[in-house]
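J.: Below is the structure I would like to discuss, written out as structure tokens.
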Amino acid sequence: MSTSDSTAGRGRAAPGDAEARHHARSRLLGTVHTEGMPALARILLEAVHGDPVACELTVGELLRALPTANVVGAHDLLTHAGIREGDRVCDLDATQRSSLATRVAHLHGARGWER
């Protein structure tokens, strides 16, 4: 039995797995930064359908990845939507997802949201 086999059984990811997940998370956030709202919507849907990489993302880091986002704007948006920055995307309920989508669509590009 290899080391990765024995640690996998105890709930620990092998070092290569953690590195691959980190790369996949970075790729998703980069896609949001490049594509904006369409990518954010896709990731929310992927999380709802159980994508493990999308589920690991926090709402705060996802919003901050938007090309026009700033930290204050993301924080204010989440506060008004009743969502904490550290909440995982897959932990949002239907009401929170709807509120988030509505508020992001409304504020996207508005003054105070841009960097």
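J.: Go through (1) in contact (Cβ under 8 Å) with a residue 40 or more places away in the chain; (2) in contact with a Gly (Cβ under 8 Å, 6 or more places away or on another chain); (3) small (Gly, Ala, Ser) and name the single condition ALA69 misses.
T.: All conditions pass for ALA69, except number (2).
J.: Tell me, which helices (runs of 4 or more DSSP H) lie completely within segment 8-104 with 1 or more residues that are loosely packed, with under 13 Cβ neighbours inside 10 Å and β-branched (Val, Ile, Thr)?
T.: Working: elements: 15-35, 37-48, 52-56, 59-64, 71-81.
Ranges flagged: 15-35, 71-81.
J.: Can you name every residue in segment 61-84 that is more than 20 Å from ALA20 (Cα to Cα) and at pLDDT 90 or above?
T.: ILE83, ARG84
The values are calculated or read from the model by the stated rules, or taken from the named source; none is laboratory data. These numbers were taken from a predicted model, which means no experiment stands behind them. All Cβ positions, glycine included, derive from the backbone under ideal geometry; neighbour counts span all protein chains shown.
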